[in-house]
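Novice: My questions will all concern the structure given below.
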Amino acid sequence: MYYIEALFIKFSMIFAVLFIILGLVYGVEVFEIFVFTIIITVVGFVGDLIIYPKTSNKLATGGDFFIVFIAVWLLGLWMIENIDFSIVMASIFSALLVAAGEWFFHIYLTKRVWGKKETSHTTEHDEPRQS
């Protein structure tokens, strides 16, 4: 159940960012934003489950930035007709905002879904020593 909740949170965050950046700023249709969101959410969530536990929050957030940038750029070139704006700049803005949200999403995953303590460096900690 925690994974479904986490997936919904990730989907909502990505949709909100893409709707603001692509929809409100650049005028992309909601259907296209929805398709982008589904693809980015699925690929990113698989990465969160496989890569993030083995690396750090910094590396996982960088990976999410890269995924969003590439996905919005390539899907935008493929799906958006008559692009009258810089799809690269839209991809950068979208990736920056999603990556900022992903930083906190990874902390949520660690604490709520996996029940571990977390810092910005690592997800594995020993219990504090008792004196």
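Throughout, read-outs are computed from the coordinates displayed, never taken from laboratory work. These figures come from a predicted structure and were not determined experimentally. We place every Cβ from the backbone using ideal geometry, glycine too, and count neighbours over all the protein chains shown.
Novice: Subtracting the Cα-Cα distance from 0.36 nm times the residue separation, let me have the gained length for Val30 to Val42 in nm, one decimal.
Specialist: 2.5 nm
Novice: Oh, and also: With +1 on each Lys and Arg Cβ and -1 on each Asp and Glu Cβ, how big is the dipole of segment 2-113 about its Cα centre, in debye rounded to the nearest 20?
Specialist: Dipole size: approximately 540 debye.
Novice: Within the chain, what is the longest stretch that has no trypsin sites (Lys or Arg not before Pro) placed in a DSSP loop and near at most 14 other beta-carbon atoms within 10 Å?
Specialist: Free of exposed loop sites, the longest segment is 1-115.
Novice: Top mean-square fluctuation among Ile14, Ile40, Ile50, Gaussian network model of the chain, C-alpha springs under 10 Å?
Specialist: Ile50
Novice: I've got another one for you. For segment 2-113, what log10 I(q)/I(0) values come out of the Debye formula at q = 0.19 1/Å, with one point per alpha carbon and no solvent?
Specialist: The calculated log intensity ratios at q = 0.19 Å⁻¹ are -0.89.
Novice: Using +1 at the Cβ of each Lys and Arg and -1 at the Cβ of each Asp and Glu in the chain, identify which of Tyr108, Leu24, Ile40 lies farthest towards the dipole's positive end.
Specialist: Tyr108
Novice: I need the phi-derived Karplus couplings for segment 15-22: 6.51 cos²θ - 1.76 cosθ + 1.60, θ = phi - 60°, integer Hz, Gly and Pro marked x.
Specialist: Values per residue, Gly and Pro as x: 4, 4, 5, 5, 5, 5, 6, 6 Hz.
Novice: Below 8 Å, C-alpha to C-alpha, sequence gap of six or more: please give me the relative contact order for the chain in percent.
Specialist: Result for the chain is 29 percent.
Novice: Based on DSSP H runs of at least 4 residues, each adding -39500 (n - 2.57), what is the mean residue ellipticity at 222 nm of the chain after dividing by all its residues, to the nearest 500 deg cm²/dmol?
Specialist: -22000 deg cm²/dmol
Novice: Still on this model: Where in the chain lies the longest segment free of GluC sites (Glu not before Pro) that are both loop residues by DSSP (not H, G, I, E, B) and have at most 16 other Cβ atoms within 10 Å?
Specialist: Looking at the chain, 30-80 is the longest stretch - no exposed GluC sites (Glu not before Pro) with at most 16 other Cβ atoms within 10 Å.
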